[in-house]
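What follows is a set of notes on a single structure, which appears directly below.
The values are calculated or read from the model by the stated rules, or taken from the named source; none is laboratory data. Given the structure is predicted, the values throughout are model-derived calculations rather than measurements. Cβ sites come from the backbone with ideal geometry, for glycine too, and all protein chains shown count toward neighbours. These accessible areas exclude ligands, DNA and RNA; they are computed on the full protein's heavy atoms, side chains included. Shrake-Rupley method; radii C 1.70, N 1.55, O 1.52, S 1.80 Å.
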Amino acid sequence: YAQGVGMAYRGKSDEAITAFHNALKLAPTYASAFRERGIVQLDQGDYEKAATDLEQARTAGDNSGETAGNPKGTFSLAWTYYLLGRFDDTIALNRVALKISPKEEWIQFNPKGTFSLALALLASGQVDAAQTEYTNMMTATAIQVARVKSAGKEPPGTMWWAIDAGAIDLDALIRC
């Protein structure tokens, strides 16, 4: 497993997949090995295999909001479903992630300029539901900014990053 993580970090995807495969021979239910192999396959553009591995990670016990909908990047099962055009699965899994981590606003709005619940709703044609999610997020953001400002502090940079990323995602959807 550690060899696979190291290979993936160095961009040696094929070697990483082999190492994760070997780790899973030794520990067939090792959720982290499934997850990391899925991430590498997603990065390679093999969305079907990535989805299978990420699903197996969850079956093996990885019920984290991160695997369901990763706040730090594009490597999650929800994003994989989005790339496969499985919008209903994307939406359902993001709702699961929200239940797991209800304060994680990135799930609703946007992690790293690539995915959001509102975007998936919009892409699936659920315009009213998407508008509701975006409106809820904008309201929550305004409340958070006001709260932080009233305490004499500045909002976190990640908030502005998420808003910018959300705009980038909408532009990308429009181009599609």
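Some notes on this structure:
- Pair GLU15, ILE100: separation of 7 Å Cα→Cβ label points (nm): 3.0 nm
- Rounded to the nearest 20, the Cβ-based charge dipole of the chain about its Cα centre (Lys and Arg +1, Asp and Glu -1) stands at 440 debye.
- Considering only GLY125, THR59, THR80, and ranking their Cα positions along the charge dipole of the chain that arises from unit charges at the beta-carbon of Lys, Arg, Asp and Glu, the one farthest toward the positive end is THR59.
- Fraction of accessible area attributable to carbon and sulfur, the chain (%, probe 1.4 Å): 55 percent
- Answer label for volume of the Cα convex hull per residue in Å³ (calculated), chosen among (1) 191; (2) 121; (3) 150: (2)
- Pair ILE174, MET138: separation of 7 Å Cα→Cβ label points (nm): 1.4 nm
- Listed residues LYS99, LYS153, LYS25, most fluctuating in the chain (Gaussian network, C-alpha, under 10 Å): LYS153
- Most mobile listed residue (LEU54, LEU84, LEU119) in the chain, GNM with C-alpha springs under 10 Å: LEU84
- Normalising the average separation of contacting C-alpha pairs (under 8 angstrom, six or more residues apart) by the number of residues puts the relative contact order of the chain at 14 percent.
- Theoretical FRET efficiency, 1/(1+(r/R0)^6), r = Cβ-Cβ of ASP128 and TRP161, R0 30 Å, to 0.05: 0.65
- Per residue, the chain exposes 54 Å² of accessible surface when a 1.4 Å probe is rolled over the protein heavy atoms with every protein chain present.
- Cβ-Cβ FRET estimate between ALA2 and VAL145, R0 fixed at 30 Å, reported to 0.05: 0.10
- From helices alone, the chain scores -22000 deg cm²/dmol at 222 nm; the rule is -39500 (n - 2.57) for each run of n ≥ 4 DSSP H residues, then divide by the residue total.
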